[in-house]
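A short worksheet on the structure shown next.
The values are calculated or read from the model by the stated rules, or taken from the named source; none is laboratory data. These numbers come from a predicted model, not from an experiment. Here the Cβ positions follow ideal geometry from the backbone for every residue, glycine too, while neighbour counts run over all protein chains shown. Note: accessible area is taken over every heavy atom of the protein model, side chains too, but ligands, DNA and RNA are not part of it. Shrake-Rupley method; radii C 1.70, N 1.55, O 1.52, S 1.80 Å.
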Amino acid sequence: NMFYIGRIYARRYDGPDTLKIHRCTGHMHIGAIEQRIENADTGEIICTSKATYGTDPMSDLGFVTGMGVTNFNPHILLSADQSIRVVTLYNASTVHTGVMGLFSMLFSDGNVQVKKEETPLTVEFCEASTCNASKLPIAEKLQETCTDDIEETLVCTSFGVCSCDTFLELPNVIDGCDGYLLTKKGATYPTTQFCAKTCNCTVVEKDIETELQNSIKSVCDYASKDCYDYLANLFSCADEKDGIDSMETVVRDLVVRQGRFIALEGSKLGHPALHQMESTLHDGSERVIPVCGSNDGEGQDAPDSTTSFGVRGEPTSLYFLNFVLVALFFS
C-alpha cells in the first residue's frame, strides 16, 4: 500500500496489518457536497463526511463551516491491504478552482490489546536514578549493520545512478567518501548518506540520533512500561547520571547534548497533529523531571501494568491515515 503517491508526499505504509478504525472525517473546499471512503472491491461504504455551510450573510454565508465526522463505537476492522476508493463530490454547476478532497482516519493496531493506562497521548515519565548505557545505541554495532542506501534515494529513482561505484565518480560528488554531494541549487548531502558501507561505515552523530529515534518508535507505539523505562533511562543518561562513563564517546556526546530533547519529543505519541497546540520543548532544559522514587514526595516509581500513567491530552487512537484527492472542476 502507498499513501500520498508522488515525489513530495510518497511514503510506504509501514503500519499494522489490521486496523481498528475509530473515527474518520473529510476536508473539502467551497462547492463541497460530501465525501466517502468505500471498499473498492464491493462498493460498501466505510465512512462518509458531508459538508455544512454557513448561513450568516455577515460572516460565513456560502463558506464551508464544517465536515461531518463518523465515529465507530465499537470500532470496525479494516485490513491494511484492502483496496479502497475515495469519492469526493462537488457541485459543478458553477466554476470552482482549488477543488480538493482529504480524508483522515484515526485508527489503532487491530492486533494489539491496549490497556486503559496505555492510552495517554503523552508519556509522563520520571528520571531514572542511574544511566544504563547498554540500552542505548552502541556505535560498534551500528557500524556492523550499516548499508548502502543509494537505491532508495532520488539519486537512483530519478537520475538512474544506483551503484556506489558510479555515484562516487560523479563530478558533483566532492572529496569522495569523505565529502558530499553538491546539487545544482547548492545543497550538500554527506556521501555516507548514500554509500555508508562502501565508505567503511564511519558512524556519525546523525546515525546515533536516528537509532535513538527508531528505538523510541519501536517501544512507544503506546504508553507502555517499556516506553516509560526507555525514555526515563535516556533522560537520566542525558543528565550524566552514574553509568554514563561506560558509554562510547561519540554516543555520549550526542546523548548529553540532545538526549533530553529526544526523550521529551519521544514522549509525545501518535501523529504530530495531535500535539500541534503544545508549546515547543526546545532542548528540554526548562522542564523539571522528577527523579523516580525520590524521597521529596515529588518523584514517582516507574509504573507497572496496573499503574495509571500521567495524562496530557485525551486518550484516543494514536495514528492518522490520510487520503488525498486533488482535482480541478470547471463547468
Every residue from the range 187-198 that is closer than 9 Å to Cys164 by Cα and not hydroxyl-bearing (Ser, Thr, Tyr) | Phe194, Cys195
So, first residue over 16 Å from Cys24 (Cα atoms) in the range 103-115, second residue in a loop (DSSP other than H, G, I, E, B) and of a type outside the set (Asp, Glu), Cβ within less than 6 Å, six or more apart or across chains; the pairs are Asn111/Pro16; Val114/Tyr222
Which of (1) in a strand (DSSP E or B); (2) open to solvent by 50 Å² or more (accessible area, probe 1.4 Å); (3) not hydroxyl-bearing (Ser, Thr, Tyr) is the odd one out, the single condition Val86 does not satisfy?
-> (2)
Subset of the range 21-45, residues in contact with an Asp or Glu (Cβ under 7 Å, 6 or more places away or on another chain) and either aliphatic (A, V, I, L, M) or buried (at least 16 other Cβ atoms within 10 Å of the Cβ) (or both), comes to Glu38, Ile45
Listed by first then second residue, the pairs whose first member lies in the range 73-101 and is of a type in the set (A, V, I, L, M), whose partner is outside any strand (DSSP E or B) and surrounded by 15 or more Cβ atoms within 10 Å (Cβ to Cβ), with beta carbons under 6 Å and at least 6 positions apart or on separate chains, are Leu77/Gly110
May I ask you to verify whether Thr48 is open to solvent by 70 Å² or more (accessible area, probe 1.4 Å), at pLDDT 90 or above, of a type outside the set (A, V, I, L, M, F, W, C) and part of a strand (DSSP E or B)?
-> no
In the range 193-218, how many residues are assigned to a helix (DSSP H, G or I) and either open to solvent by 70 Å² or more (accessible area, probe 1.4 Å) or within 14 Å of Pro137 (Cα to Cα) (or both)?
-> 15
How many of the residues making up the range 242-273 are out of contact with any strand residue (DSSP E or B) (no Cβ under 8 Å at 6 or more places or on another chain), modelled with pLDDT of 90 or more and not in a helix (DSSP H, G or I)?
-> 2
Screening Lys141, Lys185 for residues that are within 23 Å of Ser215 (Cα to Cα), free of Cβ contacts under 8 Å to residues at least 40 places away in the same chain and among the charged types (D, E, K, R) leaves only Lys141
The range 16-55: number of residues that are closer than 30 Å to Lys217 by Cβ and in contact (Cβ under 8 Å) with a residue 60 or more places away in the chain = 13
Condition set open to solvent by 50 Å² or more (accessible area, probe 1.4 Å) and within 22 Å of the chain's Cα centre (by Cα), scope the range 246-264, selection nearest to Cys227 (Cα to Cα): answer is Phe261
Within the range 221-244, can one find any residue that is within 26 Å of Glu117 (Cβ to Cβ) and among the β-branched types (Val, Ile, Thr)?
-> no
Helices (runs of 4 or more DSSP H) contained entirely in the range 113-173, each with at least 1 residues that are over 30 Å from Arg252 (Cα atoms) and open to solvent by less than 60 Å² (accessible area, probe 1.4 Å) = 154-157, 164-168
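For (1) out of contact with any helix residue (DSSP H, G or I) (no Cβ under 6 Å at 6 or more places or on another chain); (2) within 30 Å of Phe261 (Cβ to Cβ); (3) of a type outside the set (Lys, Arg), each residue gets a yes or a no:
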{"position": "Asp109", "(1), (2), (3)": "yes, yes, yes"}
{"position": "Gln113", "(1), (2), (3)": "yes, no, yes"}
{"position": "Glu124", "(1), (2), (3)": "yes, yes, yes"}
{"position": "Thr157", "(1), (2), (3)": "yes, no, yes"}
{"position": "Cys164", "(1), (2), (3)": "no, no, yes"}
